[in-house]
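Below: the structure, in structure tokens.
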Amino acid sequence: MRNLTTLIPLFLFAAAGCDVLPGNGHNNGHGNGHGNDGGGDADTDVDSDSDTDSDTDADVALLRVVNLSPKGPAVDAYVGASTTPQITTLKYPDVSTLTLDAASGVDVKFVPAGGALADAVAAAHGIDLALGSTNVAAMFGPPYALDALTYVDDPSDVAPGDLRVRFSHVASGIGPIDVWMTQPDVVLIQNLAYGATQVQDLPRPVNGSVIALDTNHDGIADLRFTLPDLAAADTVDVFVATEAKGPDLVFLQGDDTTTRVQPEPDGGGQD
């Protein structure tokens, strides 16, 4: 493995200005550390749009809900003031997308599947569902400290020929990480904290490139992951998530699929 201190970045990637609305309501990319949020009515009523055939993307707001807790429970998701779940039995690392009317200050509460709203184990707070927007609410963390983060995916200013990639660190038990890319060797992100998220625009093609993680800041890649096929995507969300044998990379694409990529050489490949 090559030492990062000897690498000279061949080009720089500018981080896009996408707002992050973390679990504790502060704009720092972190959740509240626990995510425990009991029941109770939210301040905002959110209506699902049941007539999606005649709608365009500009007519509705999309909310993509993801379970990123490998050892946590399958969950039901309650949106806004609803007392019934809009999503049920969401397992790791699955995603489900809701088509909603515009609303502001919306909460998403995560409840163990089949449980009561009062038993919510995590919540993403203060989501502004603007028309035409794509919003993500993700539960993460170990079962004893579940949390949630939320952000907006906005590809509107991506340059032609680029792919917008958002990296989120949701691997519990691992401190801040450095993210770099090989072929060519480029340092993408430094000191990405647990619970934080950051955007990079990458020049295409990226298929077959390798994402590497330095988890202890010694300038050496501890884990390497070969990128899956991302040719059709406008934006890709990449989550560093903990599994039993070590971190996975979970890729969330615009077609509402997730691809779990394990590190090389130990079990490298896709599920």
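The table that follows gives values for the structure above.
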| read-out | value |
| --- | --- |
| Counted residues, region 235-258 - those being under 25 Å from Ser96 (Cα atoms), modelled with pLDDT under 85 and either exposed (fewer than 14 other Cβ atoms within 10 Å of the Cβ) or hydrophobic (A, V, I, L, M, F, W, C) (or both) | 4 |
| Cross-chain or 6+ apart pairs with Cβ under 6 Å, region 49-67 first and under 25 Å from Ala138 (Cβ atoms) and of a type in the set (Asp, Glu), then modelled with pLDDT of 50 or more and not in a loop (DSSP other than H, G, I, E, B) | Asp49/Thr99 |
| Yes/no for Thr89 being polar (S, T, N, Q), touching a helix residue (DSSP H, G or I) at 6+ places or on another chain (Cβ under 7 Å) and not in a helix (DSSP H, G or I) | no |
| Filtered residues of region 75-86 (kept if touching a residue at least 12 places away in the same chain (Cβ under 8 Å) and either surrounded by fewer than 16 Cβ atoms within 10 Å (Cβ to Cβ) or assigned to a strand (DSSP E or B) (or both)) | Val75, Asp76, Ala77, Tyr78, Val79, Ala81, Thr83 |
| Criterion violated by Gly126 - all others in (1) assigned to a loop (DSSP other than H, G, I, E, B); (2) surrounded by fewer than 21 Cβ atoms within 10 Å (Cβ to Cβ); (3) in contact (Cβ under 8 Å) with a residue 40 or more places away in the chain satisfied | (1) |
| Residue within region 188-197 that is within 14 Å of the chain's Cα centre (by Cα), within 30 Å of His125 (Cβ to Cβ), of a type in the set (Ser, Thr, Tyr) and assigned to a strand (DSSP E or B) present | yes |
| Residue match in region 202-218 (condition: touching a Cys at 6+ places or on another chain (Cβ under 8 Å) and part of a strand (DSSP E or B)) | no |
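The values are calculated or read from the model by the stated rules, or taken from the named source; none is laboratory data. The shown structure was predicted, so the numbers you read here are calculated from the model rather than taken from an experiment. So basically every Cβ, Gly included, is an ideal-geometry build from the backbone, and we count neighbours across all protein chains shown.
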